[in-house]
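Note sheet for the following structure.
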Amino acid sequence: MKNPYKDKKWFKLLSNKYIWVSLFFIVWMTFLDNYSYFDHRILNKDIEELKENKKYYEEEIKKDKQHIQQLHNSEQIEKYAREKYYMKKDSEDIYIIEFEGDSIIKNDPN
């Protein structure tokens, strides 16, 4: 009994064992493996996010170093204490002006 499809091009292609092995390998690596294509995409997104975080924190470190350098000057220390901690000299009065959008709304239990 002779196979009628044996001479067809598509049959030769589908009966080739190398095609089947290659197809199995591609499906395995794309979907089933622990290091699949989709896992790599997720990991690459995480890497990009971490690189952005690293860049942000490096910029913040530069700003903080500049700020520390400025605080070696006694005038800058005085300015910082006045702005952040509302410190004053004995002969001065401090007035804190709050705008409507700047104040924190406190929950009143009543």
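The values are calculated or read from the model by the stated rules, or taken from the named source; none is laboratory data. On a predicted model such as this, the values are computed, not experimentally measured, just so you know. As a convention, Cβ positions derive from the backbone with ideal geometry for all residues, glycine included, and neighbour counts pool all protein chains shown. Surface areas here come from the heavy atoms of the whole protein model, side chains and all, with no ligands, DNA or RNA. Shrake-Rupley method; radii C 1.70, N 1.55, O 1.52, S 1.80 Å.
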- Note on the structure: In the stretch 63-73, residues that are over 31 Å from the mean Cα position of the chain (by Cα) and open to solvent by 100 Å² or more (accessible area, probe 1.4 Å) total 1
- Query: Any residue at all in the stretch 18-31 that is among the hydroxyl-bearing types (Ser, Thr, Tyr), open to solvent by 100 Å² or more (accessible area, probe 1.4 Å) and at pLDDT 85 or above?
  - Reply: yes
- Task: Could you check how many residues of the stretch 1-17 are surrounded by fewer than 11 Cβ atoms within 10 Å (Cβ to Cβ) and either among the charged types (D, E, K, R) or closer than 30 Å to residue 37 by Cα (or both)?
- Result: 7
- Task: Could you tell me which of the residues 46, 93 is free of Cβ contacts under 8 Å to residues at least 40 places away in the same chain and either under 30 Å from residue 25 (Cβ atoms) or part of a helix (DSSP H, G or I) (or both)?
- Result: 46
- How about the stretch 10-32: which of its residues are out of contact with any helix residue (DSSP H, G or I) (no Cβ under 8 Å at 6 or more places or on another chain) and of a type outside the set (A, V, I, L, M, F, W, C)? 12, 15, 16, 17, 18, 22
- Task: Mind listing whichever residues of the stretch 74-95 are open to solvent by 100 Å² or more (accessible area, probe 1.4 Å) and not aromatic (Phe, Trp, Tyr)?
- Result: 75, 79, 83, 84, 87, 88, 89, 90, 91, 93
